[in-house]
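The values are calculated or read from the model by the stated rules, or taken from the named source; none is laboratory data. The structure displayed is predicted, hence computed values, not measured ones. We place every Cβ from the backbone using ideal geometry, glycine too, and count neighbours over all the protein chains shown. Keep in mind that these areas ignore ligands, DNA and RNA; they rest on the heavy atoms of the full protein, side chains included. Shrake-Rupley method; radii C 1.70, N 1.55, O 1.52, S 1.80 Å.
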Amino acid sequence: AGQRLVTVGQRGHILYSDDAGQSWQQAAVPVSVDLNAVHFPTPELGWTVGNDGVILHSRDAGRTWSKQLDGRAIGNLLVAEGERLTTEGADKPFLDVWFENDQLGYVIGVFNLILRTSDGGKTWQPFQDRVDNPQGFHLNAITSTGDALYIAGEQGLLLKWDTGLG
C-alpha cells in the first residue's frame, strides 16, 4: 500500500507497518476467518480475500476494512452453481485477489471460483464460464506481467487471460 506494508492471515488478522516492518499495528477487521491474499492497486485502496468466500475492502491504506461479499451471498450470484454452493455452505475460500485499478478486479478460489468487479467491489459478477477449466481445479494465484493476466491453478493449470474478452 504505497510505502506501507500490509499482511493478512489467520482468524482475520491484518497487520500494517509504516516503518519497514520494525513495528506493526492491527487493523480493524469485521471478520474472523482466515485471510489468504491481499492486493493494493493504489496506496489507499486495497482488497483481501479469504475463507468462507470473504472479500474485504480498505479505503485507508489498510487501517480499516469493510466486508463486500461473503459465501452466503456468492450462491445468489451464481445461477448454475448457486444452488450447490448454497446447499454445501458458505465455506468456499477465495485464494487470491488482483485489481488492475481502483475499479476493475478479480477474485479466484476453489473449484474454479472466479468473480469480477468493474465498480470497485460494489457488485461482483461470476466469471467461471470464461475460464477454460472443465475439471474445476482450484485457482490459486492471479497476477499480471506487462499487459497479460495469468491464473495459476492446481495440477499445473496455467491460464493466460484474453483481456479482449472483457
Qualifying positions in the range 105-125 - touching a strand residue (DSSP E or B) at 6+ places or on another chain (Cβ under 6 Å) and open to solvent by 20 Å² or more (accessible area, probe 1.4 Å): Arg116, Gln125
Kindly indicate whether Asp162 is at pLDDT 85 or above and open to solvent by 50 Å² or more (accessible area, probe 1.4 Å). no
Find the residue count for the range 9-40, including only residues that are in a strand (DSSP E or B) and open to solvent by less than 30 Å² (accessible area, probe 1.4 Å). 5
Of those in the range 126-159 that are surrounded by 11 or more Cβ atoms within 10 Å (Cβ to Cβ) and hydroxyl-bearing (Ser, Thr, Tyr), the residue modelled with the lowest pLDDT is Ser144
Looking only at the range 41-52, how many residues end up being open to solvent by less than 40 Å² (accessible area, probe 1.4 Å) and without any contact (Cβ under 8 Å) to a residue 60 or more places away in the chain? 3
Residue check for Arg4: touching a residue at least 40 places away in the same chain (Cβ under 8 Å) and either at positive phi or open to solvent by 20 Å² or more (accessible area, probe 1.4 Å) (or both): yes
Of the numbered conditions (1) modelled with pLDDT under 95; (2) open to solvent by 30 Å² or more (accessible area, probe 1.4 Å); (3) closer than 19 Å to Asn140 by Cβ, Asn76 fails exactly one; give the number of that condition. (3)
Single match in Asp91, Asp119 (criterion: charged (D, E, K, R) and either modelled with pLDDT under 95 or part of a strand (DSSP E or B) (or both)): Asp91
